[in-house]
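The next block holds one structure in the form of structure tokens; read it before the comments.
Since every read-out is calculated from the coordinates, none of them should be taken as a lab result. This one's a predicted model, so the numbers in the text were calculated from it and none came from an experiment. Backbone-built Cβ (ideal geometry, glycine too); neighbour counts: all protein chains shown.
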Amino acid sequence: MEFADILHRCFRCGYCKFPDNYQDFNCPSYSKFRFETYSPGGRMWLLRAWLNQEIKTSPRLAEILFSCATCGNCVERCVFPKFKDDILHAFLAAREEMVNQGIVPPAVRDYLKALQVHGNPYKLPGGEREKWSTGLDLEPYAGQEYLFHAGCVGSLDERGMKMARSVVVLLKWLGVPFGVLGAGEICDGNEARSLGEKGVFQSLREQNLQAFRTLGVKKVIALSPHAYHAFKNDYPRDPAPFEVFHYTQVLGARAKKLSGLSSANGLRVTYHDPCYLGRHNQEYQAPRRALKSVPGLQLVEMGRVKGNSFCCGGGGGNFFTDLLGGGPESPARARVREAAGTGASVLAVACPNCARMLEDAVKAQDLQGEITVKEISEIIQGPMQT
Amino acid sequence: MEDVYQELARIVGPAYVSNQPEERFIYSRDPGTMEPREPDFVVLPATTDEVQKIVLLANRKKVPLVPMGGGLVLSGLSRPLKGGIVLDLKRMNRILEVNEKSRYVLVEAGTSQGMLQAYLQKNHPTLKHSVPDSPPMATIGGNVLIHGSGHLSHAAGFHSEMLNGLEAVLPTGEVVKIGSCSISPYWFGRAPLPDLAGLFLGWFGTTGVVTKVAIKLYPNRPWQDVGVFVTEDPELVPEVFYQAAGVQVAEDITAWMAPKPDWARGFQHVNINYAADTPEELIWKRNLIRASLKKLIDQKTGGFLPLPPPMKKNFLEAPQTTLAQFADVRKGGGFEYVGGIMPIELFPNAYRAGIEIAARQGTTYSTGARIIGPGHCMMFFFAYPFNRADEADVERARRALEETNGLVLDLGGIPWKAEAPAQRQILGRMDPGTLNLMDRIRAMLDPQGIMNPGNWEVR
């Protein structure tokens, strides 16, 4: 297994379980399950034992491995600079090993199967991918400056679709020239990659590259930080065939113009950094710039922000496999409790997965009267929002 | 054993009990050198009531029970030497009360050092607790119960001395309160009652499961500084400790000696951390500390090291994150140390003998010390890194540790949080009357012999 040579170097000191201020556990799977086995150090030692045949393959081991949200907190917080950058790589390599051996949890198997057969995890026909834009009069991509990529969740999940619609309406209002692929859009493959299905990821990557090449795409605006991450880091980089932006970067760069759109006197908003935009790609400012463009909006920060943000539990494929969901200790519910604790009435998100995860968590936590989950463009447009 | 599993699941809920190979593997070992010992079950209780039910179950079924906090002692104390149930207490991590005026905090025993530190910083920024140099995952309860020490130990002694009171589940299932809390709603201290806390301190979980602890808090002064006094002569270090500690303005006094980096080899570094409410007070304290060591400076036998900002920042950090990095010296994720509790005048002998042991066992080392109280004793540590993937290297470290435990005893000290073999060394030298008393107390409290058996085994 790739990166097997770092597994024994983990001391299991546990710094990886925390944010830098130690206020609470910051590893989503450890926070939920609370057995040492579900911590990054536990995984490192178990993987070594597995490779050394000290423990056997089992559904429990598979659950332990696949419940990692790949949020990157362990990489951020590990105190061993000589191998910390490869911790997640080792986990992904082990997932790949399990995928190859056909021993993944049923929910992972089902996700990958749906992706293979239908091209999306929702088992919907490709034609459904354009429905999110119905009535918005969006142009098909035909050489505009940007291609807008809605992704699987933005195209096919009810909450994701609402977010995609809000974002493109705002982009149009800003005069950003973009087109969409509609039914022709293809999954970016980030979740397949993070679930260890390298073959499927490579296939999707090639299909996307081919399509972008044929259409002459030079700049992509990604709705999802997950797609943004894959396009930026796991598609060819040297040279990159196209530039990629997360939509909040496009909004952040136009904050001045946005400031004339609406006002939100005294609205207290707290912002949840998505792992694949923040920790993985160090983009913390653009979403905040976009939010602060709203006159009168008061941004109050949670204790765990930016590099210390607490994942909603939807990363690493868990949005679809739900290995971290359920119960008051699920990361999403812990996160909305923290958000509500700031006194904010709005929890701002910039990721369709986070939007869905946290919105469901607000209901499960019975916090509807206290806090509402809103995506950044929804907040900016305020009452004007379509 | 299926019936035990089912009962445990009924007590804590099925999500928080495991008899699976993965948990049995991880909970069979800690990051140190001790051989693994597998539990039959791992349980994560959330309340004292659940702990009590588990203890009663263990009694009925005569199943060993091993309480565990952060699992970071490195000396294998939470390995279930005779199987049974490992009780991971980290779900019991609520901070129950902070009394600002009387400066104490009441927490559940599984509260991590890190979380308490963060909680105080946010909600009571003028107060702090004594943070050990273990990672933030170490628990408040565990560290108090092993007689830990930390960043306020020069000012206030062992962490067990900062204990105001506790709640425990006895091995027979009764819940008891120790200290003022046994009478009063306040957890202000252990005096003036007969001090029953000693039934739990230093016993490694063999006398019950401590579920709550109240510990003392101290002023968190906004201005902080550290001075590093350096000398090449280990014979002078006890005098440095004596003089610097005698001024009683520092919070923490530690020494460190290591062969790497090259510039540090052969030197004895004494870090003196102090804090103040104002810049003027800080300067006043700095001057007092420097004056206490003036004689040695004038004799040119030692002096204060100019500290580059990154080094100063590191020395002011609590806990020092860089300390864990010693585990990667052999690129192998491991180190363990013997912490010898001993009088400060033994420093030169301990230092020299430690280096000799490392050379003899063919391993590298790091040594150091923390002063407890105003120089009443010290915790002198001898740390040996090892490569976990190289059994011969692990064995070298193991031999060095064993020899060091003997050395500490020979010098007149006592190994701290001793591994099971070192406990036998200690018991072998113990006064027979004391030994007998320990045996009688243990037999009286734990007639079934279920609590962490294999540790402090007198018989």
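Side notes on the structure shown:
- Counting only residues at least eight positions apart within a chain, or on another chain, the lysines with an alpha carbon under 17 Å from that of B:Lys331 are A:Lys82, A:Lys84, B:Lys260.
- Label-point gap, in nm, between A:Thr134 and B:Lys312 - each point 7 angstrom along Cα→Cβ: 6.7
- Within region A:179-242, trypsin sites (Lys or Arg not before Pro) in DSSP loop having at most 11 other beta-carbon neighbours inside 10 Å: A:Arg237
- Note on A:18-30: average number of Cβ atoms from other chains within 10 Å of each residue's Cβ is 4.
- Antiparallel content of DSSP bridges confined to the protein assembly as shown, in %, to 5: 70
- Sum of side-chain charges, A:Pro19 neighbourhood, beta-carbon under 9 Å (Lys, Arg +1; Asp, Glu -1): -1
- For the peptide B:33-44, the mean number of other protein chain Cβ atoms found within 10 angstrom of a residue's Cβ is 1.
- Overall shape: prolate for the protein assembly as shown, with the ratio a/c of the largest to smallest alpha carbon gyration tensor axis at 1.5 or above and a/b above b/c.
- Taking 26 Å as the straight-line reach from the Cα of A:Lys218, the lysines in range (excluding those fewer than 8 positions away in the same chain) are A:Lys131, A:Lys172, A:Lys198, A:Lys232, A:Lys256, A:Lys257.
- Antiparallel DSSP beta bridges within chain B, percent to nearest 5: 90
- Estimated from helical segments only, the mean residue ellipticity of the protein assembly as shown at 222 nm is -10500 deg cm²/dmol, where each DSSP H run of four or more residues counts as -39500 (n - 2.57).
- Neighbour cut-off at most 13 other Cβ (10 Å), DSSP loop, GluC sites (Glu not before Pro), region A:1-68: A:Glu2, A:Glu54
- Cβ-based exposure ranking for A:Lys292, B:Lys101, B:Lys128, B:Lys294, in which fewest neighbours within 10 Å come first: B:Lys101, B:Lys294, A:Lys292, B:Lys128
- Gyration tensor (alpha-carbon) shape descriptor, region A:1-148, a/c threshold 1.5: prolate
- When only Cα pairs below 8 angstrom with a gap of at least 6 residues are kept, region B:95-219 shows a relative contact order of 30 percent.
- Other residues whose C-beta falls under 11 angstrom from the C-beta of A:Glu97 contribute a net charge of 0, scoring Lys and Arg +1 and Asp and Glu -1.
- Note: relative contact order over chain B, using C-alpha pairs below 8 Å and six or more positions apart, is 16 percent.
- Oblate is the label for region B:75-188. Its Cα gyration tensor axes, ordered a ≥ b ≥ c, give a/c of at least 1.5 and b/c at or above a/b.
- Each of B:Thr48, B:Thr278 was scored by other Cβ atoms within 10 Å of its Cβ. Listed from fewest to most, they are B:Thr278, B:Thr48.
- For region A:296-312, 3J(HN,Hα) per residue [Karplus equation, 6.51 cos²θ - 1.76 cosθ + 1.60, θ = phi - 60°, Hz, x = Gly/Pro]: x, 6, 9, 8, 10, 8, 7, x, 10, 9, 6, x, 10, 4, 9, 4, 6
- In terms of packing, defined here as the mean over residues of other Cβ atoms within 10 angstrom, the peptides B:221-231, B:87-97, B:331-341 line up highest first as B:331-341, B:87-97, B:221-231.
- DSSP bridge pairs, region B:1-97: antiparallel proportion in percent, nearest 5: 20
- Between region A:69-130 and region B:190-258, the Cα center-to-center distance that results, in Å: 47
- Dipole magnitude for the protein assembly as shown: computed about the Cα centre from +1 point charges on Lys and Arg Cβ and -1 point charges on Asp and Glu Cβ, it is near 1000 debye.
- Here the residues B:Val131, A:Val79, B:Val237, ranked from fewest to most Cβ neighbours within 10 Å of their Cβ, fall in the order A:Val79, B:Val131, B:Val237.
- Simple label model, 7 Å out from Cα along Cβ direction - B:Leu56 to B:Thr126, nm: 4.5
- Choice from A:Phe242, A:Phe18, A:Phe80 with maximal GNM fluctuation in chain A (Cα, 10 Å cutoff): A:Phe80
- Phi angles across region B:334-343 convert, under the Karplus curve 6.51 cos²θ - 1.76 cosθ + 1.60 with θ = phi - 60°, into 3J(HN,Hα) values of x, 7, 9, 9, 9, x, x, 8, 7, x Hz, Gly and Pro given as x.
- Remark on A:Tyr141: its backbone amide H falls under 5 Å from those of A:Val180, A:Leu181, a criterion applied only to residues 5 or more positions apart or on other chains, H modelled at 1.01 Å from N.
- Near the amide H of A:Val373, within less than 5 Å, lie the amide hydrogens of A:Leu347, all on another chain or at least 5 residues away, with H placed in the peptide plane.
- The charge dipole of chain A, taken about the Cα centre with unit charges on the Cβ atoms of Lys, Arg (+1) and Asp, Glu (-1), comes to about 560 debye, rounded to the nearest 20.
- Mean per-residue shielding of peptide A:74-81 is 2, counting Cβ atoms of other chains within 10 Å of each Cβ.
- Added length on full extension, which subtracts the Cα-Cα distance from 0.36 nm per residue, A:Ala114 to A:Lys219: 34.9 nm
- Note: relative contact order over chain A, using C-alpha pairs below 8 Å and six or more positions apart, is 18 percent.
- Magnitude of the charge dipole, region B:2-88, Cβ model with Lys/Arg +1 and Asp/Glu -1, debye to 20: 280
- A simple spin-label model places pseudo-atoms 7 Å from Cα toward Cβ; at A:Gln282 and B:Thr301 they are separated by 5.1 nm.
- Region A:1-56: trypsin sites (Lys or Arg not before Pro) in DSSP loop, at most 16 other beta carbons within 10 Å: A:Lys56
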